[in-house]
Amino acid sequence: MALATVSDLEQKLNRLKQGLEKAKSIRIRAEERKRQLEDRRKEIVEEIRKLGVEPENLDAEISRLDEEIRRLAGEAERLIPWELLKDA
């Protein structure tokens, strides 16, 4: 097994340094993106609470509203005099 030359070691060290710098840059961008997403999450939770719903009850509230929409749409359809509109 041959000994590595100084030039080979320098190249290796430079490559490692570049890799570490790139990884650090990626980490910094990821941390900033995480902060942005956490801030946006807080804003959304606040908006949901302003609407009078707790975030953990959101699925139930969506189901309730969906059912109410279906009920009201059915009620509206029953109130329309379809037989009078056939020839109109």
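What to note about this one:
- Annotation: extensible slack from Arg64 through Asp87 equals 4.5 nm (criterion: 0.36 nm per residue apart, minus Cα-Cα distance).
- Long-range lysine pairs (8 or more apart or interchain), the chain, Cα under 19 Å: 6
- Overall dimensions of the chain as given by Cα atoms, namely Rg and Dmax in Å: 31.1, 98
- Surrounding net charge for Val45, when Lys and Arg each add one and Asp and Glu each subtract one, Cβ distance under 13 Å: -2
- Positive-end residue of Ala73, Ile26, Gln36, charge dipole of the chain with Cβ unit charges: Ile26
Any read-out appearing in this document is the output of simple, stated calculations on the displayed coordinates, not a laboratory observation. The structure displayed is predicted, hence computed values, not measured ones. Here the Cβ is made from the backbone with ideal geometry for all residues, glycine too, and neighbour counts use every protein chain on show.
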